[in-house]
Amino acid sequence: MKKTLVAAALLGAFAGVAQAQTAVQIYGNVDVGMSKQSDQTLNIGKRAANTLGFKGTEDLGNGLKALFQVEMRYEPDTGTNENGGRPLFQGQTRVGLQGDFGMVRLGRGLTPFQEIVGSFEPWHGLPSPAGFYTDISVAGFNSAPLDVNTTGGSPNSNRISNAIFYNSPVSNGFQVNASWASKEANGGKLTGIGNGASYALNQQASANPFSIAGTYNNGPAAAMVAYERNAVESKVWSVAGSFSVSPEMKLMATYSHQDQEHTNTFRPTVKGAEIGMTYGMGPGKMLVGFGLKKQEETTRLHDLITRQYSLGYEYSLSKRTYLYVDASRKTNIFTYDTLGFVAGSSVKNFYDVGLNHSF
């Protein structure tokens, strides 16, 4: 009898939660393909980040809503957590309120600059080497240099933790998006180059990271202007725009300028730019892009220039499933010794083919 009463009480509690929660959604995607890069064997991997997430809203009345979202990232070929060693819900963990004032959230997520700039390149912000988002579009900028596993331009470098996020209401196509984070230590470290500052393991930030982006989206035209400073006082500003020439053709371009003088006095300035186009052909879409990144040395004797040419094609089998194939070539890619001097250069070709399904 007691067990029956306990079970009934638990069911009643869960039913109350279900009624209060007006909308809860499980979402994600699975992207698996084969890729080949210069000097590497054929790999089974991904073109897009694979996600599994939960999000929901609760109507509080008077136009006010509570909302939450948690998202994990995983490797589809092994089933492990993305890149190993990252937090379980490294995609984002945010809770907040939404109303006539806009939307305010607390937790971890993409900075406004990182969240928006990816929409102005043909590969729509995917971390694929064929795209431009993780390196050239952002001029190599790292939004979380003191987090664990965020070196080398990894996809984890575009999110911040311990932060507050604000999105204003949209007015005549215009919107303001901002974020601010505390100086809390997140377990990583950073070694400066030249006379640049160094940050020991688990050292807190020297400045509060913040990011602000203004957007315009109305009809065929869209634009963005953004500014961001990270935890080690590197700064980036960016402008981007796109225009739909026709229902089939969309043109886009991005320019970003990074100043990392606080931690890299040897090559403090990095500039990145890309132009691209998408062209729809029935259920298919062609992706074309060219990108250029310049790392300027203080003496201007050894400016490093990276050029990237990319071509891709997506074929939609349904609204949620598409096939893809990409080819990309990067030239003048340099590696560095511990002092930041050029140790060599290379040319990298990249090819992939795969399937993406969203749910």
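Going through region 225-237 one residue at a time, which ones are in contact (Cβ under 8 Å) with a residue 24 or more places away in the chain, open to solvent by 10 Å² or more (accessible area, probe 1.4 Å) and in a strand (DSSP E or B)? Within region 225-237, Tyr227, Lys235 qualify. Before we move on, is Glu228 within 16 Å of the chain's Cα centre (by Cα), acidic (Asp, Glu) and modelled with pLDDT of 90 or more? Answer is yes for this residue. Contact map, region 114-137: residues that are without any contact (Cβ under 8 Å) to a residue 60 or more places away in the chain and closer than 12 Å to Ser310 by Cβ paired with residues that are part of a loop (DSSP other than H, G, I, E, B) and open to solvent by less than 10 Å² (accessible area, probe 1.4 Å), Cβ distance under 6 Å, separation 6+ or inter-chain. Pairs shown: Tyr133/Glu121. Given the criteria open to solvent by less than 60 Å² (accessible area, probe 1.4 Å) and at pLDDT 95 or above, does Ser38 qualify? Answer is no for this residue. The test for being of a type in the set (Ser, Thr, Tyr), at pLDDT 95 or above and within 30 Å of Arg267 (Cα to Cα) does not hold for Thr134. Of the residues making up region 102-116, not a single one is of a type outside the set (S, T, N, Q), in contact with a Lys or Arg (Cβ under 6 Å, 6 or more places away or on another chain) and not in a strand (DSSP E or B). Scanning region 247-270 for residues that are open to solvent by 40 Å² or more (accessible area, probe 1.4 Å), part of a loop (DSSP other than H, G, I, E, B) and either of a type outside the set (Asp, Glu) or at positive phi (or both) turns up Pro247, His262, Thr265. Looking at Asn195, Asn177, just one residue is of a type outside the set (Val, Ile, Thr) and open to solvent by 70 Å² or more (accessible area, probe 1.4 Å), and that residue is Asn195.
Of the set (1) of a type outside the set (D, E, K, R); (2) surrounded by fewer than 22 Cβ atoms within 10 Å (Cβ to Cβ); (3) assigned to a loop (DSSP other than H, G, I, E, B), all apply to Thr93 but (3). Screening Ala205, Ala200, Ala222, Ala273 for residues that are among the hydrophobic types (A, V, I, L, M, F, W, C) and without any contact (Cβ under 8 Å) to a residue 12 or more places away in the chain leaves exactly one candidate, Ala200.
Condition check ((1) farther than 29 Å from Gly276 by Cβ; (2) touching a strand residue (DSSP E or B) at 6+ places or on another chain (Cβ under 6 Å)) across all residues:
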site	(1), (2)
Leu201	yes, no
Ala213	no, yes
Tyr216	no, yes
Ser234	no, no
Ser242	no, yes
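Checking each residue in region 43-74 for being surrounded by fewer than 17 Cβ atoms within 10 Å (Cβ to Cβ) and not in a strand (DSSP E or B) picks out Asn62, Gly63. Taking the numbered list (1) free of Cβ contacts under 8 Å to residues at least 12 places away in the same chain; (2) of a type in the set (D, E, K, R); (3) open to solvent by less than 70 Å² (accessible area, probe 1.4 Å) in turn, Lys319 passes all entries but (3).
Quick check on region 96-134: of everything there that is of a type in the set (A, V, I, L, M, F, W, C) and under 29 Å from Gly63 (Cα atoms), which residue is surrounded by the fewest Cβ atoms within 10 Å (Cβ to Cβ)? Quick ask: steps written out before the conclusion?
We begin by selecting, within region 96-134, every residue of a type in the set (A, V, I, L, M, F, W, C); these are 97, 101, 103-104, 106, 110, 113, 116-117, 120, 123, 126, 130, 132.
If we keep only those that are under 29 Å from Gly63 (Cα atoms) too, we end up with 97, 101, 103-104, 106, 110, 113, 116.
Numbers: Leu97: 15, Phe101: 12, Met103: 17, Val104: 16, Leu106: 14, Leu110: 20, Phe113: 26, Ile116: 24.
Selected residue: Phe101.
The C-beta contact set for region 241-262 (first residue closer than 30 Å to Ser206 by Cβ and touching a residue at least 12 places away in the same chain (Cβ under 8 Å), second residue open to solvent by less than 40 Å² (accessible area, probe 1.4 Å) and of a type in the set (Ser, Thr, Tyr), distance under 6 angstrom, 6+ apart or interchain) comprises Thr254/Ser137; Ser256/Ser238; Gln260/Ser234. Candidates in region 160-174 are the residues that are touching a Gly at 6+ places or on another chain (Cβ under 6 Å) and in a loop (DSSP other than H, G, I, E, B); of these, the one that is most open to solvent (accessible area, probe 1.4 Å) is Pro169. Apart from one condition, Ser119 fits all of (1) more than 21 Å from Lys250 (Cα to Cα); (2) part of a helix (DSSP H, G or I); (3) not charged (D, E, K, R); the exception is (1). Taken as a whole, region 53-60 holds no residue that is within 15 Å of the chain's Cα centre (by Cα) and small (Gly, Ala, Ser). Residues that are modelled with pLDDT under 95 and open to solvent by 40 Å² or more (accessible area, probe 1.4 Å) occur at least once in region 204-213.
The values are calculated or read from the model by the stated rules, or taken from the named source; none is laboratory data. Everything quoted here is computed from the prediction, not taken from an experiment. Methodologically, a virtual Cβ is constructed for each residue, glycine included, from the backbone with ideal geometry; neighbour enumeration extends over all protein chains shown. Just so you know, the surface numbers come from the protein's heavy atoms only, side chains and all, with ligands and any DNA or RNA stripped out. Shrake-Rupley method; radii C 1.70, N 1.55, O 1.52, S 1.80 Å.
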